[in-house]
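Please read the structure below before turning to the comments.
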Amino acid sequence: MSNQEDLFKNLISHSKEYGFIFQSSEIYDGLSAVYDYGQNGVLLKNNIRNYWWQSMVQLNENIVGIDAAIFMHPTTWKASGHVDAFSDPLIDNKDSKKRYRADVLIEEHVAKIEAKIDKEVEKAAKRFEGFDEKMFRSTNARVLEYQNKIDEINERFKKALNENDLTEVRQIIIDCDIVCAVSGSKNWTDVRQFNLMFSTQLGSVAGDSDTIYLRPETAQGIFVNFLNVQKTGRMKIPFGIAQTGKAFRNEIVARQFIFRMREFEQMEMQFFIRPGTQKEWYENWKQIRLKWHNALGIDANKKRFHDHIKLAHYADAACDIEFEFPFGFKELEGIHSRTDFDLRNHEQFSGKKQQYFDPELNQSYTPYVIETSIGLDRMFLAIMASSLKEEKLEDGSERVVLSLPAALAPIKVAVFPLMGKDGMPEKAMEIMNILKFDYNCWYEEKDNIGKRYRRQDAIGTPYCITVDQQSLEDNTVTIRDRDTMKQDRVSIDKIPSIIEEKVSMKSLLKKLG
Ligand code: ATP
């Protein structure tokens with residue numbers, strides 16, 4: 001098993017053991033791709049959301065927030081294109097009854113051939129001194145044969161997708177001899193498009209006209225409220241509307257813990273601009289969002305931009321900020337130049353004008369939109385993955401530490417009386433009573449102090465304060481730093497300012513300027 005796989009397994013068990021994430025309805029054996037956040041998880045999640053919200057709504061005078069409902073008029077999803085185009089191609093194996101995403105089966109098959117090429121290259125590199133990889137790849141007969149196969153499959157697959165030719169997609173699976181991982185057979189059904197939206201019934205009468213959807217993205221709640229906000233807030237273009245909230249997608253291949261969930265949370269901001277200025281704003285928002293990520297101090301090499309080659313139906317430019325998860329670089333956030341697609345379609349479907357009168361130009365137009373869209377749960381996973389560490393200490397022992405960005409840590413300060421007697425608990429409670437109005441604090445008497453420190457390390461608490469005998473005499477305590485494990489003796493009245501500098505949201509937001 002690779003290191004990365006180990007890391008990921010550890011992360012999942014650590015998340016459970018320390019009250020961050022539980023499988024939903026675990027006592028009934030769980031519900032696939034649905035998760036619950038525990039007592040520490042909810043605090044971390046709230047902090048990530050607050051960091052995003054405050055960076056958008058509080059720091060920008062031209063961005064305001066809303067909180068739209070999850071249910072929306074069904075025509076919303078006609079206008080947005082989700083009813084017709086938000087789907088995955090599915091195929092079932094008739095013997096095992098297992099269901100697959102047809103595109104994933106083909107992509108995995110191609111990846112296997114690529115792996116064969118890599119193996120040939122690796123073998124040759126070991127055999128020849130001064131090995132020229134480029135030359136080898138372009139001349140070796142076996143490699144060329146594999147490469148031709150890949151090109152041919154990709155070409156056919158791209159064409160089939162563009163022409164929405166699902167019979168051809170099935171034929172590719174058959175021609176590639178792709179078998180079901182469970183039954184080992186090639187007994188495949190036809191390929192069907194499967195819409196990812198969950199539907200339900202409004203009211204008590206079942207029927208087509210009453211079908212409504214659980215929103216698959218939060219963005220449409222912003223678009224349909226564009227004029228409400230613009231008019232009541234007297235907003236002038238350029239301006240943005242931000243929203244965080246639940247979204248639902250009936251994901252077929254739901255794996256990788258909270259990376260791909262059926263119920264998840266998005267943090268989206270739509271920035272309304274003059275047509276023609278989208279290139280400039282798109283670049284601008286790419287940089288602003290990268291700065292937001294970098295301010296957290298997570299290794300910059302773990303993030304990269306990835307431009308979309310195939311653009312969604314609504315976009316004229318799009319990229320992802322990818323993060324190196326334990327299972328590889330994957331999308332964390334999308335930044336999309338959505339043109340006037342959404343507002344124009346809502347205007348057409350609703351019959352209500354969705355235009356803005358620009359007093360400077362003395363003219364009305366449908367604004368263009370730059371969207372930034374990030375999954376809160378994915379951000380949570382990225383932060384956990386880059387924070388969880390096993391450290392070897394100088395005395396040969398080991399510790400598990402979650403080096404979360406301090407401002408996001410669930411508990412900011414733990415306060416411990418060294419012993420549960422002699423007035424130490426009372427003194428510790430005095431400190432709790434000073435700090436608890438600003439921060440989530442934790443009080444604990446049980447176990448020896450070393451164990452108490454380790455437990456706080458494991459949930460990422462930046463500071464531990466210990467009240468000892470001396471505290472009762474001179475009003476000083478020791479304060480221990482999670483990362484350096486250094487303990488300093490400080491006077492109790494200095495504690496709030498020491499803590500604030502490192503753990504307050506303000507200190508993090510200030511890095512954004
Ligand atoms: P993917 O390609 O991974 O399916 P997407 O391109 O469909 O993602 P968007 O529609 O751009 O994703 O959604 C914006 C953001 O919402 C993503 O960057 C991701 O962080 C988050 N997101 C999307 N789907 C899920 C999901 N099933 N579970 C958790 N987060 C998700």
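The values are calculated or read from the model by the stated rules, or taken from the named source; none is laboratory data. None of these values were measured; they are calculated from a predicted model. Here the Cβ is made from the backbone with ideal geometry for all residues, glycine too, and neighbour counts use every protein chain on show. Heavy atoms of the whole protein, side chains included, go into the accessibility calculation; ligands, DNA and RNA do not. Shrake-Rupley method; radii C 1.70, N 1.55, O 1.52, S 1.80 Å.
Below are the figures for this structure:
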item: S25 - accessible surface, heavy atoms, 1.4 Å probe, Å² rounded to 10; result: 50 Å²
item: By accessible area with a 1.4 Å probe, ligands and nucleic acids excluded, highest first: order of W442, W52; result: W442, W52
item: Net length gained if the chain between A300 and D118 were fully extended (0.36 nm per residue, minus Cα distance); result: 62.7 nm
item: Hits among aspartates and glutamates - C-alpha to C-alpha of K97 under 20 Å, sequence gap 8 or more where chains match; result: D88, E108, D177, D190, E251
item: Efficiency of FRET from Cβ geometry, K451 and K126, R₀ 56 Å, rounded to 0.05; result: 0.70
item: Within the chain, helix-based [θ] at 222 nm, where runs of 4 or more DSSP H residues each add -39,500 (n - 2.57), nearest 500; result: -11500 deg cm²/dmol
item: Length-normalised contact order of the stretch 393-512 in % [C-alpha pairs under 8 Å, at least 6 apart]; result: 29 percent
item: Distance from the stretch 133-165 to the stretch 397-430 (C-alpha centre basis), Å; result: 58 Å
item: For the chain, size of Cβ-based charge dipole, Lys and Arg +1, Asp and Glu -1, in debye; result: 320 debye
item: Helix axis angle, 278-294 relative to the chain longest principal axis, alpha carbon, degrees; result: 40 degrees
item: Cβ-defined net charge surrounding Q355, 13 Å radius [Lys, Arg +1; Asp, Glu -1]; result: +2
item: Linear extension gain, A85 paired with N187, 0.36 nm per residue minus alpha-carbon span; result: 33.9 nm
item: Cα long-axis angle, helix 449-459 against the chain (0 to 90 degrees, to the nearest 10); result: 20 degrees
item: Heavy-atom accessible area order for K286, K78, largest first, 1.4 Å probe; result: K78, K286
item: Local electrostatic count at F22 - Lys and Arg +1, Asp and Glu -1, tallied over other residues with Cβ under 10 Å; result: -1
item: Dipole of the stretch 87-195, positive direction: furthest Cα of I91, N154, T167, with charges on the beta-carbon; result: I91
item: Amide hydrogen neighbours beyond the local backbone of A68, cut-off 5 Å, H modeled; result: none
item: Normalised contact order of the chain, rounded percent, pairs of Cα under 8 Å and 6 or more residues apart; result: 14 percent
item: 20 Å reach of a label modelled at Y365, 7 Å along Cα-to-Cβ, counting backbone N of the stretch 268-302; result: 270-285
item: Rounded accessible area of V83 (nearest 10 Å², 1.4 Å probe); result: 40 Å²
item: Greater than 26 Å apart at Cα, pairs in K78/K236; K421/K451; K246/K286; result: K78/K236
item: Principal axes of the stretch 204-319: Cα extent on each, largest first, Å; result: 51, 43, 29
item: Where a label projected 7 Å from the Cα of S24 along Cα→Cβ would reach, residues of the stretch 361-384 with amide N under 18 Å; result: 375-381
item: Mean Cβ count within 10 Å, highest first, over the residues of peptides 377-385, 148-156; result: 377-385, 148-156
item: Using a Förster distance of 41 Å, the FRET efficiency for I66-M429 (Cβ separation, nearest 0.05); result: 0.50
item: Where the Cα pairs of the chain fall when distances are cut into 20 Å bins, in %; result: 18, 45, 30, 7, 0
item: Accessible surface of Y368 - all protein chains present, 1.4 Å probe, nearest 10 Å²; result: 50 Å²
